[in-house]
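These notes concern the structure reproduced below.
All of the numbers you see were taken from the coordinates with simple rules; none came from a lab. The shown structure was predicted, so the numbers you read here are calculated from the model rather than taken from an experiment. When we count neighbours, we look across all protein chains shown, and the Cβ atoms used for this are built from the backbone with ideal geometry, even at glycine.
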Amino acid sequence: MKELLPFILLTLPLLGEGNIASLQYKGVKVEITDENGTNKTYTIEREIDPKCLYVAIEDDTIWKNKYASSEVPKECKAEFVTSVGQIQPIHINDEVETYGELEVLNFIEQTQCQPNLLLIDSRKEGSYRHKTIPGAINIPFEHISKPNSFPDEYLRELKLLGVKISDKTYDFSGAKIVVIFCNGSWCAQSPNMIKSLLEIGYPPQKIKWYRGGMQDWLAVGFSTVEHRKPPQ
């Protein structure tokens, strides 16, 4: 982040106080408790190599040679797989707000002092452990979308979301505000989870969808974290 300081000093006055765009420059600290009960603090920021700060954003630079000119330093390039997944619409529901990276970053900052907020990685456990957004918890989409196949997990995850069940009646009075994401705009896991939550009556105004998911998060260079299982 130090390499960005000259640019930050020029840019911040234009952003204005309270503008969430400033979060990408100052970073957001998040505290995480690992499986051993150890508290760790991470700073989410755009991890940009100094060599990339002066790469011109021009057609010949970013739209040729696999979306990057051969003249662009290797530190400034990454490769992504073009998936056969189904591209999702920008709005999943009229009442569910779609988030971009800055809204997610702002949400993460708010989670540090508001326990009623949850950032949820809806991918399967293996994907979550491989790489995820700092501060995200893992609720695999199928635990919510397939309650008959995962009855114990279903009840556990709903409790985590602040939902109470009594005599097959759902109580959403304590439901948490959640941001849900998966792999990318072509991933159906988070949409399936959101639709399943809406079907049981989860308040749509308490659900936010990060459509871009991990692919967009990585594409703009934001920090990630691994949750590898400790050796047995």
*Which of the peptides 193-200, 57-64, 70-77, 174-181 is most tightly packed, and how do the rest follow, going by the mean number of other Cβ atoms within 10 Å of each residue?*
174-181, 193-200, 70-77, 57-64
*asked:* Assuming 0.36 nm per residue, please report the length gained on full extension of the stretch T98 to I57 beyond their Cα-Cα distance.
replied: 12.1 nm
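Mind putting a number on the dipole of the chain about its Cα centre? Charges go on the C-beta only, +1 for Lys and Arg and -1 for Asp and Glu, and I need it in Debye to the nearest 20.
480 debye
Could you work out the helix-only [θ] at 222 nm for the chain, with each DSSP H run of four or more residues adding -39,500 (n - 2.57) and the total divided by the number of residues, to the nearest 500 deg cm²/dmol?
-8000 deg cm²/dmol
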*Name every cysteine in the chain that ends up alone, with no second cysteine's Cβ under 4.7 Å, or say none.*
C113
_Need the list of aspartates and glutamates near K195 for cross-linking: C-alpha distance under 17 angstrom, and skip anything on the same chain fewer than eight residues off._
D94, E95, E97, D121, E142, E157
*asked:* Taking the alpha-carbon distance from K64 and a cut-off under 24 Å, which lysines remain once sequence neighbours fewer than 8 residues away in the same chain are dropped?
replied: K51, K74, K77
*If you project the alpha carbons of the chain onto their three principal axes, what span does each projection cover, largest first, in Å?*
63, 46, 39
